[in-house]
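Chemist: This structure is in structure tokens; I'll ask about it shortly.
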Amino acid sequence: LVATSADGKEWSAPRVLAEPLGRRTLTAGGFMPTKYGLAGLYSDYDDDVADTHLYAKVTPDGHKWSRATSLGLAMCSNQNPIQLSNGRRILAGNFAMPFSDDPDGLAGWRWSSIAPEFPHEDNPWTFWQVRRSTHQAADLCEVSLVEDGGALHAFFRATGADYNGHLWHALSTDFGTTWSRPEPID
């Protein structure tokens, strides 16, 4: 659903932005500006939390939305895509942080993650599998990204039995192309 506001106080009634086809789940994936207007992102996956797709719809005015465009990624985005200091756009999933050098972020996405050897699908089921396949020390999910002085920091939540009150951190010094192995931080 999507609602609009001219002043941030009074909001329109929510309207349908996208509907699932059959027994599928849609999750919000954030917004990003493009030269065509504002893009709204959403993920779509099946009952088995598989067959994941990331889509964008674009609006020039907040009222009329384009047809869905596939971004070519099998992932659930967890925050608005961010634009880095070099112009690159990057998404935050659970363990994946794909990026695009397309100025609008509507094409050219390349996969990047803390588990590059793991199959390229990031959703609420696969993040549990990353630990088993890569021998990571914890089940990590819901990454948040921050750029600081040319370094890109990824902060992860540990979940399940691994939760100990600490965030986990991975570092990229090449604008998200590669990542260090995550470690717990204070």
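Chemist: Quick one: which residues, 5 or more positions from residue 29 or on another chain, have an amide H under 5 Å from its amide H? H modelled 1.01 Å from N in the peptide plane, none for Pro or chain starts.
Modeler: 41, 42, 43
Chemist: Over the stretch 128-186, give the accessible area per residue in Å² for a 1.4 Å probe, as an integer. Write down the numbers at each step before the final one.
Modeler: On the way: 3140 Å² over 59 residues.
Result: 53 Å² of accessible area for each residue.
Chemist: Now, a different point. Mind jotting down the distance between the C-alpha centroids of the stretch 74-91 and the stretch 150-186, whole Å?
Modeler: 16
Chemist: How big is the dipole moment of the chain about its Cα centre under a simple scheme where the beta carbon of each Lys and Arg is +1, that of each Asp and Glu is -1, and everything else is neutral? Debye, nearest 20, please.
Modeler: On the way: 15 positive and 23 negative charges, 81 e Å.
With only Lys, Arg, Asp and Glu charged at Cβ, the dipole is about 380 debye.
Chemist: Ok, one more. Based on the alpha carbons, how large is the Rg to Rh ratio for the chain when Rh follows Kirkwood? Intermediate values should be presented prior to the final figure.
Modeler: Values: Rg = 16.8 Å, Rh = 17.2 Å.
Answer for the chain: 0.98.
Chemist: Run the helix sum for the chain: -39,500 (n - 2.57) per DSSP H stretch of 4+ residues, divided by residue count, reported at 222 nm to the nearest 500 deg cm²/dmol.
Modeler: Working: 1 runs with 9 residues, N = 186.
The helix-only estimate for the chain comes to -1500 deg cm²/dmol at 222 nm.
Chemist: Highest mean first, how do 1-10, 97-106 rank when packing is the count of other Cβ atoms within 10 Å averaged over residues? It would help to have the intermediate numbers written out before the result.
Modeler: Values: 1-10: 9.9, 97-106: 19.7.
Highest to lowest by the protection proxy: 97-106, 1-10.
Chemist: Over the Cα atoms of the stretch 1-78, Rg to Rh with Kirkwood Rh, two decimal places? If you can, show how the numbers build up before the last one.
Modeler: Working: Rg = 13.1 Å, Rh = 13.2 Å.
Radius of gyration over Kirkwood radius for the stretch 1-78 works out to 0.99.
Chemist: Which of the peptides 128-136, 150-158, 55-63, 12-20 is most tightly packed, and how do the rest follow, judged by the mean count of other Cβ atoms within 10 Å per residue?
Modeler: Values: 128-136: 14.9, 150-158: 18.6, 55-63: 16.4, 12-20: 11.1.
Top of the packing list down: 150-158, 55-63, 128-136, 12-20.
Chemist: Ignoring any ligand, DNA or RNA, what whole percent of the accessible area of the chain comes from carbon and sulfur when the probe is 1.4 angstrom?
Modeler: The value for the chain is 53 percent carbon and sulfur by accessible area.
The values are calculated or read from the model by the stated rules, or taken from the named source; none is laboratory data. In this text, all values refer to a predicted model and were calculated from it rather than measured experimentally. Heads up, the Cβs are rebuilt from the backbone with ideal geometry, glycines too, and the neighbour counts pull from every protein chain shown. Ligands, DNA and RNA are excluded from the accessible area calculation, which covers all protein heavy atoms including side chains. Shrake-Rupley method; radii C 1.70, N 1.55, O 1.52, S 1.80 Å.
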